[in-house]
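Asker: Got a structure for you, questions after.
The values are calculated or read from the model by the stated rules, or taken from the named source; none is laboratory data. Remember, predicted model here, so these are calculated numbers, not experimental data. Cβ placement follows ideal geometry from the backbone for every residue including glycine, while neighbour counts extend to all protein chains displayed.
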Amino acid sequence: MKHSIKVSLQPVKDSDLFPVRLRVAWSGCRCDLSLGVSYNVGKWFKEIGRAKTNSRNSLKQSATEVNGLIEDAVRWVDSYFVKAYALGLPVTTKDLKTAFVSDFRGKGGNVDKTGGILALFDRFYIETAKLKGWVDNTCKKYSSLRSKLARYEITAADFNADFFNVFVGDEIKNGLKNTTIRKDVILLKSFGRWLFENDFIKEDLSRFSVRLKWSGGNNKAVVFLEWSEVKALLSAADGSLSGTIELTVDMFLFSCFTGLRFSDVRGLRVSDIKNGKIYVVTKKTSDSLEIELNKYSTKIFEKYKSVTPDGFLFPPVSIQLANRNLKAIFLRLGLSRAVKKISFSGSERSERVVPLCEAISFHAGRRTFVVECLRRGISPSVIMKWTGHSDYSAMKPYIAIVDTLKASEMSKFNN
């Protein structure tokens, strides 16, 4: 949750010893928190909100002592907002002030310095989110991981390969799919890398690996649209849809004809499309892509290029609403061919056959683009330049699909 903290002295009449306060602002709210210490205005750096080095206030408290307390308070406030975001809770001025008095001031004004894993994770979250510019979806993934770490009462000293194995074992016991567990391990390793680089742990966990069946992208069942299903959407988009359903279908079709992810379609600006090409830096991987328009994507671009007043090509819509709309329109159009979904939790295999209208999500647009490109004989190396796939192995599931389709078509000679 975005917030700002300004440290300053609160003026007191007929005195140069002013109380130190933190002014916290977020989402139109503002809260002043009293730190319980004071400092002389002549010994204070107003610009940075800290006591001047090697000084003491008239109460004989040193700058080192007061500045350390300020740093602790700032970290506490940052952690409070991270926890509130992770739990999906709103922050009110009353709750913040009450928690600050009881949890920070009431405990002597110190945060956990013992290496407690959640305190370190909060610091990692705050520093890395700002440094790398995490999007909302990435923040949610790490917030979910924090909730899982909260189950373990461990310190940095316990964060090692043995803990990773325990963590994975618990996720398997909880029935999570191997694909989900693999993603959690990747997030956990990024936290471990930060701990190692900041000297909180001595073991480099970046090479930790766990063998999980069906957890890699090459084994994942790929949900994509047949060309007849794409044409059914195109026909529906020509006049029988309205509102957010129409918007969702147009955005989805734009993905089918450009290979862009939802985050990049949603964030696309009219100015990003020039001379028949899309110029975009992807949200997920920061790849710089150049994608030529075709007649289908051009038609959608022309339809929307003058719609939104803020420069974005498409009006705003959330991924949750987009996926609900897709399921609804696929059901309405009768796009319900059987789709097999295979998953593993540990070594336990689960297989389900569900209708396409239940399995569909926005990312199927990107997959459809890759499959249709391969069907048309476009080189994988060219497709990778459009999609930003950096590893040829990422194309293998799509190539396997097209090879299977080719074999199926050839078998018709035998009928």
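Asker: Only one of 238, 310, 264, 272 is acidic (Asp, Glu), in contact with a strand residue (DSSP E or B) (Cβ under 8 Å, 6 or more places away or on another chain) and surrounded by fewer than 21 Cβ atoms within 10 Å (Cβ to Cβ). Can you tell me which?
Answerer: Values: 238 fails: in contact with a strand residue (DSSP E or B) (Cβ under 8 Å, 6 or more places away or on another chain); 310 fails: in contact with a strand residue (DSSP E or B) (Cβ under 8 Å, 6 or more places away or on another chain); 264 fails: surrounded by fewer than 21 Cβ atoms within 10 Å (Cβ to Cβ).
That would be 272, the only listed residue that is acidic (Asp, Glu), in contact with a strand residue (DSSP E or B) (Cβ under 8 Å, 6 or more places away or on another chain) and surrounded by fewer than 21 Cβ atoms within 10 Å (Cβ to Cβ).
Asker: Follow-up question, since we're still on this one. Could you tell me which residue of the stretch 344-357 is modelled with the highest pLDDT, considering only residues that are more than 20 Å from residue 183 (Cα to Cα) and of a type in the set (D, E, K, R)?
Answerer: Per the criteria, the residue is 352.
Asker: Let me ask something else. How about the stretch 84-109: which of its residues are surrounded by 13 or more Cβ atoms within 10 Å (Cβ to Cβ), closer than 22 Å to residue 120 by Cβ and without any contact (Cβ under 8 Å) to a residue 60 or more places away in the chain?
Answerer: Of everything in the stretch 84-109, those that are surrounded by 13 or more Cβ atoms within 10 Å (Cβ to Cβ), closer than 22 Å to residue 120 by Cβ and without any contact (Cβ under 8 Å) to a residue 60 or more places away in the chain turn out to be 99, 103, 104.
Asker: Can residue 123 be described as at pLDDT 85 or above, of a type outside the set (S, T, N, Q), out of contact with any Pro (no Cβ under 6 Å at 6 or more places or on another chain) and under 28 Å from residue 287 (Cα atoms)?
Answerer: When the stated conditions are applied, residue 123 does not pass them.
Asker: Give the stretch 151-190 a look and list any residue that's aromatic (Phe, Trp, Tyr) and in a helix (DSSP H, G or I), or say none.
Answerer: 163, 164, 167
Asker: The conditions are (1) in contact with a Phe, Trp or Tyr (Cβ under 7 Å, 6 or more places away or on another chain); (2) farther than 21 Å from residue 382 by Cβ; (3) at pLDDT below 95, and residue 290 fails exactly one of them. Which is it?
Answerer: So the condition that residue 290 fails would be (2).
Asker: Across the stretch 138-180, what is the total count of residues that are touching a strand residue (DSSP E or B) at 6+ places or on another chain (Cβ under 8 Å) and over 18 Å from residue 194 (Cβ atoms)?
Answerer: Residues flagged as touching a strand residue (DSSP E or B) at 6+ places or on another chain (Cβ under 8 Å) and over 18 Å from residue 194 (Cβ atoms) within the stretch 138-180 amount to 6.
Asker: Here's a follow-up. Select from the stretch 365-415 the residues that are exposed (fewer than 11 other Cβ atoms within 10 Å of the Cβ) and aliphatic (A, V, I, L, M) and write down the one among them that is modelled with the lowest pLDDT.
Answerer: My answer is 410.
Asker: Here's something else I'd like to know. Name the one entry in 50, 23 that is on the phi < 0 side of the Ramachandran plot and surrounded by fewer than 17 Cβ atoms within 10 Å (Cβ to Cβ).
Answerer: Exactly one of 50, 23 is on the phi < 0 side of the Ramachandran plot and surrounded by fewer than 17 Cβ atoms within 10 Å (Cβ to Cβ), namely 23.
Asker: Just to be sure before I move on: is residue 360 closer than 24 Å to residue 176 by Cα and under 27 Å from the mean Cα position of the chain (by Cα) in the structure I sent?
Answerer: For residue 360, the condition - closer than 24 Å to residue 176 by Cα and under 27 Å from the mean Cα position of the chain (by Cα) - is met.
Asker: Let me ask another. Of all residues in the stretch 231-251, count the ones that are in a helix (DSSP H, G or I) and in contact (Cβ under 8 Å) with a residue 40 or more places away in the chain.
Answerer: Of the residues in the stretch 231-251, 11 are in a helix (DSSP H, G or I) and in contact (Cβ under 8 Å) with a residue 40 or more places away in the chain.
Asker: Please enumerate the residues belonging to the stretch 224-235 that are farther than 23 Å from residue 400 by Cα and either surrounded by fewer than 19 Cβ atoms within 10 Å (Cβ to Cβ) or modelled with pLDDT under 95 (or both).
Answerer: Correct list: 231, 232, 234, 235.
Asker: Sort out which residues of the stretch 83-116 are modelled with pLDDT of 85 or more, within 18 Å of residue 147 (Cβ to Cβ) and in contact with a helix residue (DSSP H, G or I) (Cβ under 7 Å, 6 or more places away or on another chain), and write them in order of number.
Answerer: The one that is modelled with pLDDT of 85 or more, within 18 Å of residue 147 (Cβ to Cβ) and in contact with a helix residue (DSSP H, G or I) (Cβ under 7 Å, 6 or more places away or on another chain): 91.
Asker: Right, here's the next one. Here's a check for you: in the stretch 117-162, which residue that is surrounded by fewer than 18 Cβ atoms within 10 Å (Cβ to Cβ) and aromatic (Phe, Trp, Tyr) is nearest to residue 212 (Cα to Cα)?
Answerer: Across the stretch 117-162, the extreme among qualifying residues is 152.
Residues checked against (1) in contact (Cβ under 8 Å) with a residue 12 or more places away in the chain; (2) of a type in the set (Gly, Ala, Ser); (3) more than 26 Å from residue 155 (Cβ to Cβ):
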residue	(1), (2), (3)
6	yes, no, yes
9	yes, no, yes
15	no, yes, yes
36	yes, yes, yes
45	no, no, yes
49	yes, yes, yes
58	yes, yes, yes
77	yes, no, no
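Asker: Do the conditions hold for residue 280, that is, is it within 23 Å of the chain's Cα centre (by Cα) and free of Cβ contacts under 8 Å to residues at least 40 places away in the same chain? Working first, answer last.
Answerer: Values: within 23 Å of the chain's Cα centre (by Cα): yes; free of Cβ contacts under 8 Å to residues at least 40 places away in the same chain: yes.
The answer is yes for residue 280.
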